[in-house]
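Report on one structure; see the data block that follows.
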Amino acid sequence: MERVDGAWRDKGLATNTQSVKRADGKILHRVGSQDKVVDAIQFSATTSRMTIAVQSLCGTGNVDDFTQR
């Protein structure tokens, strides 16, 4: 979590972190950000899995112009 938080801060994103105990006893750690460039991004992890969810802002143009070939 510290590495993700640091990497996002290095890119200029303000971050927020939290740790919560789940019903199964595992601790869920989260780091997230909201910004004018990224609508919302959240990285979550426990000892057995991790997820990342990103919601981007809408833009104009053709999505194919943004894909790498």
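For the reader, a short list of remarks on this structure follows.
- Restricted to the chain, the set of strands (runs of 3 or more DSSP E) holding at least 2 residues that are loosely packed, with under 10 Cβ neighbours inside 10 Å and of a type in the set (Val, Ile, Thr) is empty.
- If you go through the range 1-36 and keep only what is over 15 Å from ALA53 (Cα atoms), of a type in the set (A, V, I, L, M, F, W, C) and at pLDDT below 90, you end up with LEU13, ALA14.
The values are calculated or read from the model by the stated rules, or taken from the named source; none is laboratory data. Computed from a prediction, not measured in an experiment: that's the story for all the values here. Note that we place each Cβ from the backbone using ideal geometry, even for glycine, and neighbour counts take in every protein chain shown.
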